[in-house]
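Each reported figure results from applying straightforward, stated rules to the coordinates on display, with no laboratory input. Source: prediction; values computed, not measured.
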2 protein chains.
Amino acid sequence: MVMVRFMDVHTGMQGITEEALKAAHQADVDIQADEGVDFQKAWADPDSGKVWCVSEAPNADAVRRIHERTGHPAVEVYPVPLEV
Amino acid sequence: MVMVRFMDVHTGMQGITEEALKAAHQADVDIQADEGVDFQKAWADPDSGKVWCVSEAPNADAVRRIHERTGHPAVEVYPVPLEV
């Protein structure tokens, strides 16, 4: 399976705590194998309520489905083939 | 100096290549010490033209000034105190 790197963006998570971010990430990791996704990193800004996740996945819909099942759908998912 | 992690976002970079991303990142790194910034990672989507950078810096304006001087201003800069 060809894996592609993705950057996805969540909004509306104002006030998110370190514990909540860890729990959300772990929930994704717990079921990511169902779609062949590998969630690698996430960053959160509790003030703006934005969260960004970097993953590797077969396609963007696989990323979307995992995030939807764990209750925090991504509003945007971008392939990011370039990295430095 | 207290350092904060930032996620910044660029738009309008449709068609960006691996070489161009590396060159842009290196241009930032070359002058980042002027503002006490440490640019760590960048990801690009040539189709949407979006680029995301993670850095550590004293404040968001320091990040903005480096990106402006190197000719690729960030349209958004967010503190991301939470990371997983």
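Specify whether the C-alpha gyration tensor of the protein assembly as shown places it in the rounded, prolate or oblate class, a ≥ b ≥ c being the square roots of the eigenvalues: rounded for a/c under 1.5, otherwise prolate if a/b is larger than b/c and oblate if not. Judged from the Cα gyration tensor, the protein assembly as shown comes out oblate (a/c at least 1.5, b/c at or above a/b). Region A:32-50 and region B:31-84 have Cα centres spaced 19 Å apart. In chain B, the longest principal axis of the Cα atoms and the axis of helix B:18-31 are about 30 degrees apart. Compute the acute angle (0 to 90°) between the alpha-carbon long axis of helix A:60-69 and the principal axis of greatest extent of the alpha-carbon atoms of chain A; round to the nearest 10°. So the helix axis and the longest Cα principal axis differ by about 40 degrees. Over the residues of chain A, the helix contribution to mean residue ellipticity at 222 nm works out to -9000 deg cm²/dmol, using -39500 (n - 2.57) for each DSSP H run of at least 4. Residue by residue, region A:70-84 carries 3J(HN,Hα) couplings of 8, x, 9, x, 7, 7, 9, 9, 10, x, 10, x, 9, 8, 9 Hz when phi is fed to the Karplus relation 6.51 cos²θ - 1.76 cosθ + 1.60 (θ = phi - 60°); x denotes Gly or Pro.
Looking at chain A as a GNM with Cα springs under 10 Å, which of A:42, A:62, A:20 has the largest mean-square fluctuation? Its mean-square fluctuation being the largest, the pick is A:20. Kirkwood radius for chain A, taken over all pairs of different Cα atoms as the inverse mean of 1/r, rounds to 12.6 Å.
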